[in-house]
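Only one structure is covered here, and it is reproduced in the block below.
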Amino acid sequence: MAKRPKKDKYDVIVVGSGMGGLGAAVFLAQEGYSVLVVERHNRAGGYAHSFRRKKYTFDSAVRIVAGAKEEGLLYELLKKAGLGDKLDFQRIDEIFSVYYPDQNFTVPRTTQGLVETYSRIFPHEKENIRRLVSEMEKLYIATMELLQSRDPMKMLSNETIMRYRTMTFHDMVASFIKDPKAVYAFSALWVYYGTPPTKGSAMFFAYALMSYFKEDIYYLKGSFQNLADAFVDRVHELGGEVCLRNEVKRIEVEGKRVKGVHLSTGEYVEAPIVVCNGDLTKMMHELVGEEFFSARYKKRIARLSYSISAFEVFLGVDYPLEELDLAHETFLYTDYNYDEFFNKHQNLKELGVDGISGIGITTPTLVDKTLAPEGKHTSVITTLVPYDIGTDWKDVKDQYQDKLINMAEAVIPNLSKHIDFVESGSPTTMERYTNNSNGAIYGWEQNMQQMTARPQHETPIEGLYLSGQWTDAGGGVVSVLLSSYKLLEKLTKTKVGV
Ligand SMILES: Cc1cc2nc3c(=O)[nH]c(=O)nc-3n(C[C@H](O)[C@H](O)[C@H](O)COP(=O)(O)OP(=O)(O)OC[C@H]3O[C@@H](n4cnc5c(N)ncnc54)[C@H](O)[C@@H]3O)c2cc1C
C-alpha cells in the first residue's frame, strides 16, 4: 500500500529515493530542514535497490563501489551522513578478470598490482605502463584536490590537469603505450563507464580507474539495498519521512517559483524547496511542464545525449564458482577494439544478438555467501545495449538471455546445465523501475563533451534543484552521493568541502 505523508507542508520534498535523493534528504535533514522523500517503487535505492527470488538476493544494478573505508571519498561522505562505520563493506582483493580470445588475466588491487599484471602480459611495454600509471596517479590526485576545493582556479594552476583536460583517455594511454593491443587491453574496465575511452575524457577515466586502485573496491554485505536502507533509517532518525509506493505526479510552480508537489495518492504537499532525483527530461516535460523553462535551457538539455542502457541476466546456480578463475567482476570480450564493440552495440537493431561483443559476469557470492542458499551462487551477466532495437524488448528477451548465457560458458563451462533460477532485465525493465529515460545506466552519457556541459543543481525555477546522476558530478553511487553533498553546499551557501 502506498505510504502517505503525515503533514501537508515540509521544508524540502525530494522526488525519488535513489542514492542522490537519499543523500540530499539526509544532508538537509542534518541541517534542520524537515524533509519528505517520495518514491514510486516499493523499495528505496533506485538503481541501488536489490530484489529477492527463490532465496537468492540480486542487486538490480550496482556491483561495486570504491573508497568505502579509510581515506576513500565514499567513506568521507558516509561519515558526513552519520553512517561512517555502520555498514559491512567487504573489500575485494581483485579488481577484475578479463578474457580475450587469446589470453586471460586478473588484475589485483594496488597500483603495483596493476603495473605488474600489464607488464607481465605486455613485457615490451613495461616502462611505458609504469610511466602511464604514474601519470594517472598524478591526475587522480589533482582531480581529487579539485573536487575537494571546488575552486576552478585550481584547475588553471595544475599542470597535470592542464595537460590532459582536453584529451580523451584513449589518446592519453596511446601517448605512452605503443602496442595497439596493449592500449585496448589497458582499458578493459571501460564498459563500467558506458562509453569507450575514445569518447571519454582522460581526467574522468584516470580518476575513476585510479580510485579503484588507490581507494580499493568494495561489495556491501547483504547487497547495496543495505546502503539505501541505512540512508532511509537515517532520514527517519532525523525526523524526516520516506513515502514508498507513492509518486510525484506533478510539481506545482507559480510564476518562477516552486510551490509543492501533487502525489499519486491525491495529496498536495507544499515545500519551498523541491529536489528532483529522477530523470531531468521527464521532470521538465511531465512533472513541471515545458512552458516553465526558457527556450535556452530546453535547447541546452535537448542537446545532451543519454548514456547507453544494459541487458542483465540474473542467475541462481548450483555450480562451485569458487573453483573457477573468476573475480567478483569478470569481463569477456570477443575482440580488443572497444570502438568496434561500442559501434556494434549501438547497432544491435541491425545486427541482432550476433553483434554482442562482450559481457561482464558478476559473482557477488564469492565475497558474500549470504546472497544464495548454501552451496549455491548468484551470478549476473550484463552487456551494454541500446534502448531501441527496432522491436519490443519482451519479444527478444529470451534470445538475448540465451546468447549471454551461451557466451558466459566460455568462462563458466556448462553454465546452462546448472541454472536453478533465471530472470532477465532489459532497458525497459530499468526504465520501469527507475523512470530513467531509455533505461540510461548513468544519466547523461559520460563522454568528453558532456563532462563540462552537465546541468547544474539549480534549475531555472526558483527552489527546484537536482541531485543525482542527471546533474553534477555524474553517474555511479559515489558521484551521486557527492552530488547530494554539493547540493547541500549550494543551499547553505557555505564551503563545506568533503
Ligand atoms: C546495470 C548497472 C550497473 C551499475 N553498476 C554500478 C556500480 O557497480 N557502481 C556504481 O557506483 N554505479 C553503478 N551503476 C550506476 C549507478 O547505479 C547509478 O548511477 C546511481 O545509482 C544513480 O543514482 P540516482 O540517485 O541518480 O538515481 P536512480 O538510482 O535512478 O534513482 C532515481 C529514483 O527516483 C525515483 N523516481 C523517479 N521519478 C519519480 C517520481 N515522479 N516520483 C517518485 N519517485 C520517482 C525512481 O523510482 C528511482 O528510485 C550501475 C547502473 C546500472 C544500470
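Here are a few things to note about the model shown:
- The one condition from (1) under 17 Å from the mean Cα position of the chain (by Cα); (2) more than 12 Å from the ligand (Cβ to nearest atom) that S437 does not meet is (2).
- Output for segment 190-203, where each listed residue is over 14 Å from the mean Cα position of the chain (by Cα) and part of a helix (DSSP H, G or I): A202, M203
- Any chance N414 is buried (at least 17 other Cβ atoms within 10 Å of the Cβ), farther than 21 Å from V274 by Cα and among the polar types (S, T, N, Q): no
- Some residue of segment 46-63 being away from the ligand (no atom under 11 Å from the Cβ) and closer than 24 Å to E241 by Cα: yes
- When G240, G266, G255 are screened for being modelled with pLDDT under 95 and small (G, A, S), only G255 passes.
- Summed over segment 1-44, residues that are of a type in the set (A, V, I, L, M, F, W, C) and within 13 Å of the ligand (Cβ to nearest atom) total 13.
- Residue within segment 60-71 that is modelled with pLDDT under 95 and assigned to a loop (DSSP other than H, G, I, E, B) present: yes
- Residue match in segment 474-483 (condition: part of a helix (DSSP H, G or I), free of Cβ contacts under 8 Å to residues at least 24 places away in the same chain, out of contact with any His (no Cβ under 8 Å at 6 or more places or on another chain) and within 16 Å of the ligand (Cβ to nearest atom)): yes
- Screening G468, G439, G463, G425 for residues that are buried (at least 17 other Cβ atoms within 10 Å of the Cβ) and in the same structural domain as D325 (by TED's automatic domain parsing) leaves exactly one candidate, G425.
- Flag if G113 is modelled with pLDDT of 95 or more, away from the ligand (no atom under 16 Å from the Cβ) and part of a loop (DSSP other than H, G, I, E, B): no
- Positions within segment 1-26 being farther than 23 Å from V253 by Cβ and either assigned by TED's automatic domain parsing to the domain that holds S50 or touching a Pro at 6+ places or on another chain (Cβ under 8 Å) (or both), in sequence order: M19, L22, G23, V26
- Of the strands (runs of 3 or more DSSP E) lying entirely inside segment 230-343, the ones with 2 or more residues being under 17 Å from P460 (Cβ atoms) are found at 248-254, 257-263, 273-276.
The values are calculated or read from the model by the stated rules, or taken from the named source; none is laboratory data. Because the structure is a prediction, the values reported are computed rather than measured. So basically every Cβ, Gly included, is an ideal-geometry build from the backbone, and we count neighbours across all protein chains shown.
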